[in-house]
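Scroll down for the structure; my scribbles are underneath it.
The values are calculated or read from the model by the stated rules, or taken from the named source; none is laboratory data. None of these values were measured; they are calculated from a predicted model. Neighbour counts are summed over all protein chains in view; Cβ atoms, including those assigned to glycine, are modelled from backbone coordinates with ideal geometry.
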Amino acid sequence: MTVSSTAERPSLRSQRLNQITHQPHTKLDALVKAHAPFETRANFARFVVAQYLFQSELVSLYNDAELIKIIPDLPERCRADAARLDLADLESEVPAAVAGAVKNPSKAEALGWLFVSEGSKLGAAFLIKRAVGLGLGETFGARHLGEPAGGRAEGWKRFTRTLDGLAFNPEEEADVEKGAIEAFVRFTVLLEQAYATAPELA
């Protein structure tokens with residue numbers, strides 16, 4: 001009986017977060033594919049708009065003094081500047097902010113958002129290979145998908161080790177899960193917004 005209950009609820013927080021966000025993650029992946037970001041540079045530019053909007057909303061979290069005490073290299077992990085440079089490469093305007101950004105989350109909730117943002121760097125390894133087909137890469141147009149200093153896997157392991165090692169009370173545990181789910185929901189909203197504002201094809 002113990003084995004099955006452990007399988008249902010993993011002991012590591014990072015594994016639990018992966019489990020509870022599986023459905024919104026799958027839904028988001030399907031939505032990204034539906035918008036075919038790698039068919040044309042114009043399509044990809046819309047995808048970068050969504051990425052920029054999401055990352056720019058998290059700048060305050062990546063630079064939060066309390067969170068930096070937990071994760072010292074947090075400011076360097078932020079990709080908002082890289083996404084803004086990508087937009088310039090793709091001759092796309094920096095989009096206006098979209099109402100509904102995360103505001104003053106609890107520390108645990110903020111870590112849930114950061115869990116999703118940092119985790120997406122693993123998927124970016126596959127996305128940048130697709131971007132190369134459009135003549136883009138880590139120095140032009142797809143910087144925000146580039147490999148972080150020290151490597152993707154190592155950066156993720158360090159982040160999850162820290163997250164898994166934090167002592168949370170039940171309220172904080174609920175907050176970190178809430179933050180992770182809300183991050184997927186928010187990116188889905190921003191992705192829809194980015195493609196909805198795409199110019200109509202003649």
Those residues of the stretch 19-51 which are in contact (Cβ under 8 Å) with a residue 60 or more places away in the chain, among the aliphatic types (A, V, I, L, M) and either more than 26 Å from Thr160 (Cβ to Cβ) or touching a Cys at 6+ places or on another chain (Cβ under 8 Å) (or both), in sequence order: Ala42, Val48, Val49
Residue in the stretch 122-132 that is aromatic (Phe, Trp, Tyr) and modelled with pLDDT under 95 present: yes
Odd one out for Glu76 among (1) out of contact with any Gly (no Cβ under 8 Å at 6 or more places or on another chain); (2) among the acidic types (Asp, Glu); (3) in contact (Cβ under 8 Å) with a residue 40 or more places away in the chain; (4) surrounded by 13 or more Cβ atoms within 10 Å (Cβ to Cβ): (4)
Residue in the stretch 52-68 that is surrounded by the most Cβ atoms within 10 Å (Cβ to Cβ), counting only those that are closer than 16 Å to Phe115 by Cα and free of Cβ contacts under 8 Å to residues at least 40 places away in the same chain: Ser60
Scope the stretch 135-149; condition surrounded by 12 or more Cβ atoms within 10 Å (Cβ to Cβ) and in contact with an Asp or Glu (Cβ under 9 Å, 6 or more places away or on another chain); matching residues: Leu136, Glu138, Phe140, Gly141, Ala142, Arg143, His144, Leu145, Gly146, Glu147, Pro148
Output for the stretch 103-117, where each listed residue is farther than 18 Å from Arg16 by Cβ and either at pLDDT below 95 or surrounded by fewer than 18 Cβ atoms within 10 Å (Cβ to Cβ) (or both): Lys103, Asn104
Residue match in the stretch 39-59 (condition: closer than 23 Å to Val102 by Cα, part of a loop (DSSP other than H, G, I, E, B) and of a type outside the set (Gly, Ala, Ser)): yes
Unmet requirement for Asp29, which otherwise passes all of (1) surrounded by fewer than 17 Cβ atoms within 10 Å (Cβ to Cβ); (2) more than 26 Å from Lys129 (Cα to Cα): (2)
Odd one out for Arg84, checked against (1) within 22 Å of Phe184 (Cβ to Cβ); (2) of a type in the set (Lys, Arg); (3) within 16 Å of the chain's Cα centre (by Cα): (1)
Breaking point among (1) among the hydrophobic types (A, V, I, L, M, F, W, C); (2) loosely packed, with under 13 Cβ neighbours inside 10 Å; (3) over 17 Å from the mean Cα position of the chain (by Cα), for Leu122: (3)
